[in-house]
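I have placed the structure first, in the form of structure tokens, so that the comments after it can refer back to it.
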Amino acid sequence: MGIVLDGVDYAVMGRPILQGISLALDEPRIGIVGRNGSGKTTLLRLIAGLVAPTTGRVAVDGIDPARDRKGVLRRLGILFQNPDHQILFPTVAEELAFGLRQMGQEARAAEAAVMRLLEAEGRAHWAGSATSTLSQGQKQYLCLQAVLMMEPGTILLDEPFAALDLPTRARMARRLSSLAQRLVTISHDPEAVVGCDRVIWIEAGRVFADGTANEVLPAFQDAMQRLGAGDADIDIAG
Amino acid sequence: MLTLTSPVETRLHRLPAGGKLAVLCLFSAGLFLLRSPVWLALCLAVVALLHLTGGRDLAWRGLGALRILWPFVVIVTLWHGWTGALVEGTAIILRMLAAVAAANLVTMTTRLSDMIDVLSRVMRPIAPVLPPRRLALAVALVIRFVPVLSARVGQIVDAHRARSPRRRPGWRVLAPAALAALDDADRVAEALRARGGAG
Amino acid sequence: MERSLSHIALFTALIAVLGLVPRIDLAAGVPITAQSLGIMLCGTILGARRGALAVLLFLLLVALGLPLLAGGRGGLGVFASPTVGFLLGFPVAAFVAGLIMERTTLAPFWAATAGAVIGGIGVLYLFGITGMAIMLGKSFSEASVLALAFLPGDVLKAVLAGLVTQAVARARPASLLARG
């Protein structure tokens, strides 16, 4: 069980993005690090079933996430990097109810469940608020709650702290660490995955290192600092 | 987002939306059958009185909404003054004012949610072609993304102004605005897919 | 499915936003409102079917009472005014512009400009002038005199639609659904 990738390649118009990825992920806290453009976000989209691999196989608890969309909804949720790309509805209540409606609940039952959640969180007054008026941290919180409403076993987090200021970041980190779900955190920032049971370093579309946080992160940090010291951002990737 | 519904609750707000729309249809059709300026003036007076039952605020808003018609009032007046067909010209102006004012009155006194309820009832026969949930989703997406896209276009305009001597944005902001809409559309499609698709 | 729906909804939002932005400057300080340009772009970028659906969705929201027309107008009143013909012609104009974009093999600029002229001016004026003729009790030729005032501006907008479509075709060839 858990997330299995077996000989996965992914290419866009013949250009390889990911190559030969084979992983079995079942630790409770997993971190995936890499530079911008290393392919880590594509890896997340493959796991979530938003794209299908060019070759190889992806399975989440034994089901193909790209084929069985309804089945994967209960198993896996995603928190996108930018909440503005994730929030689909004008009001908070509609946003939260959408996932439940997608899983086949009646409108009234979904509405009631949303109100129960908001009351339990001390945010009943949010229900009718416009999502566009929320702060960045509140939007992120809303996205997380919308994912949690669907009670998935695993949550994929794409740069969960990128847009947050320090206090909001601390609150978010605390909230995430208290979750019972398996978390897969993707980040360019080693700090975001420090407490993970397992860290995977993706470089140029391949798994470069795979081990505990203590094994992988110091080497990753060293490599990033060395790259930063040089003036390497002159080339434009073809 | 703001709607054109008047925030001041009037008696007209409490009437069923479907009924108001049906009466509006009949009333508008009736206006086109009438030729006599006297009858049309009477119709306009009825609409004006209905506005006044909603209070002075509603009546002012109603009057303000008619401002967009002034060029047509001027054109018709000049035209018919020239040709001498004054009775006909008066009828045209009265009919236009009554029709637009009546329609605006229904909009001002009907909540968006009530309008959407009527819409979903009217659309029920074509549900197999256009599932009501999909239409509701599309409507929600537009209301959600008008402010998002608006902020984005605002940024593009600012970025353009920061490097241009002109005060108004040039047409060159249009292509990035269209690209922003396309990019958002791709991301929304992805977010929808991540949460079980558009059904 | 998701992609179709999201593109239709986002371009509906784009039409609305183009009605909200301050007027846009043409070359020599000639201000124009960009909303009708948005209608043309729906056709030339999304193609006939999706473009027309985006415009229909826009009209639906206006009718429901959202102030999305340029200048914050909306509601049922605009459908009772003499300009109603133009509103009803909008989706047909987008459809025709999209059809020309889809069915010709001209370069994006020429196809989009031709589509915007034939759909966004030819077809749109046919609807708009007919509407004014009915609402103002005039003959078609009398009503068309009134529309002539807008012709120079709309020709410029058609060329702009061509330029914007060309820019999109260059920046994101895969996103030009009309040529998908």
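The values are calculated or read from the model by the stated rules, or taken from the named source; none is laboratory data. From a predicted model like this one, the values you see are computed outputs, not experimental measurements. Every residue, glycine as well, gets a Cβ built from its backbone with ideal geometry; the counts of neighbours run over all protein chains shown. In case anyone asks, the SASA skips ligands and DNA or RNA and just uses the protein heavy atoms, side chains included. Shrake-Rupley method; radii C 1.70, N 1.55, O 1.52, S 1.80 Å.
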Qualifying residues in the range B:103-115 (those that are farther than 11 Å from B:LEU21 by Cβ and either within 14 Å of the chain's Cα centre (by Cα) or touching a residue at least 60 places away in the same chain (Cβ under 8 Å) (or both)) - the one surrounded by the fewest Cβ atoms within 10 Å (Cβ to Cβ): B:ARG111
Candidate set from the range A:155-174 (those that are open to solvent by 70 Å² or more (accessible area, probe 1.4 Å) and part of a helix (DSSP H, G or I)); member that is nearest to A:PRO28 (Cα to Cα): A:ARG174
Single unsatisfied condition, B:HIS13 versus (1) modelled with pLDDT of 90 or more; (2) over 14 Å from B:ALA99 (Cα atoms); (3) open to solvent by less than 30 Å² (accessible area, probe 1.4 Å): (1)
Scope the range C:62-78; condition open to solvent by 10 Å² or more (accessible area, probe 1.4 Å), within 7 Å of another protein chain (Cβ to nearest Cβ) and over 17 Å from the mean Cα position of the chain (by Cα); matching residues: C:LEU64, C:PRO67, C:LEU76
Among (1) in a helix (DSSP H, G or I); (2) of a type outside the set (D, E, K, R); (3) over 22 Å from B:GLY196 (Cβ atoms) - the single one A:GLY122 does not satisfy: (1)
Residues satisfying the stated conditions in the range C:97-146, i.e. open to solvent by less than 30 Å² (accessible area, probe 1.4 Å) and among the aromatic types (Phe, Trp, Tyr): C:TYR125
Of all residues in the range B:170-199 being basic (Lys, Arg) and at the interface with chain A (Cβ under 9 Å from one of its Cβ atoms), the one that is most open to solvent (accessible area, probe 1.4 Å): B:ARG187
Restricting the range B:80-126 to residues that are hydroxyl-bearing (Ser, Thr, Tyr) and at pLDDT below 90, the residue that is nearest to B:TRP70 (Cα to Cα): B:THR83
Single condition C:LEU57 does not satisfy, out of (1) under 24 Å from B:VAL157 (Cβ atoms); (2) facing chain B (nearest Cβ under 7 Å); (3) modelled with pLDDT of 90 or more: (1)
Subset of the range A:62-90 that is assigned to a loop (DSSP other than H, G, I, E, B) and small (Gly, Ala, Ser) - its residue that is farthest from A:MET1 (Cα to Cα): A:ALA66
Index of the failed condition, C:GLY89 passing every other in (1) away from chain B (no Cβ under 13 Å); (2) surrounded by fewer than 24 Cβ atoms within 10 Å (Cβ to Cβ); (3) assigned to a helix (DSSP H, G or I); (4) free of Cβ contacts under 8 Å to residues at least 60 places away in the same chain: (2)
Top-ranked residue of the range A:119-147 - restricted to ones that are farther than 20 Å from B:PRO147 by Cβ and surrounded by fewer than 18 Cβ atoms within 10 Å (Cβ to Cβ), ranked as nearest to the chain's Cα centre (by Cα): A:GLU121
Pairs where the first residue, in the range C:152-180, is acidic (Asp, Glu) and the second is modelled with pLDDT under 90 and not in a loop (DSSP other than H, G, I, E, B), C-beta under 9 Å, 6+ apart: C:ASP154/C:SER36
Residue, most open to solvent (accessible area, probe 1.4 Å), within the range C:151-178, restricted to residues that are over 22 Å from C:PHE90 (Cβ atoms) and not in a loop (DSSP other than H, G, I, E, B): C:ARG170
Odd one out for B:GLY197 among (1) farther than 29 Å from A:LEU76 by Cα; (2) in a loop (DSSP other than H, G, I, E, B): (1)
Residue within the range B:43-60 that is away from chain C (no Cβ under 13 Å), within 23 Å of the chain's Cα centre (by Cα), crowded, with 16+ Cβ neighbours inside 10 Å and not in a helix (DSSP H, G or I) present: yes
Residue ID - nearest to the other protein chains (Cβ to nearest Cβ), chosen from residues in the range C:36-52 that are open to solvent by 10 Å² or more (accessible area, probe 1.4 Å) and under 15 Å from C:ALA9 (Cβ atoms): C:ARG50
Residue ID - nearest to the other protein chains (Cβ to nearest Cβ), chosen from residues in the range B:79-102 that are crowded, with 20+ Cβ neighbours inside 10 Å and in contact (Cβ under 8 Å) with a residue 40 or more places away in the chain: B:ALA99
Residues within the range A:1-59 that are part of a strand (DSSP E or B) and small (Gly, Ala, Ser), tallied: 8
Criterion: within 22 Å of B:ALA151 (Cα to Cα), buried (at least 16 other Cβ atoms within 10 Å of the Cβ) and modelled with pLDDT of 90 or more - qualifying residue of A:VAL114, A:VAL92: A:VAL92
Condition met for B:ARG35 (over 21 Å from C:GLY74 (Cβ atoms), assigned by TED's automatic domain parsing to the domain that holds B:ALA98 and either within 20 Å of the chain's Cα centre (by Cα) or not in a helix (DSSP H, G or I) (or both)): yes
Set A:ASP61, A:ASP68: member being surrounded by fewer than 16 Cβ atoms within 10 Å (Cβ to Cβ) and out of contact with any strand residue (DSSP E or B) (no Cβ under 6 Å at 6 or more places or on another chain): A:ASP68
Hits in the range A:38-52 (condition: touching a helix residue (DSSP H, G or I) at 6+ places or on another chain (Cβ under 7 Å) and either more than 10 Å from chain B (Cβ to nearest Cβ) or surrounded by fewer than 20 Cβ atoms within 10 Å (Cβ to Cβ) (or both)): A:LEU50, A:VAL51
Identity of the residue in the range C:117-150, assigned to a loop (DSSP other than H, G, I, E, B) and not basic (Lys, Arg), that ends up modelled with the highest pLDDT: C:SER139
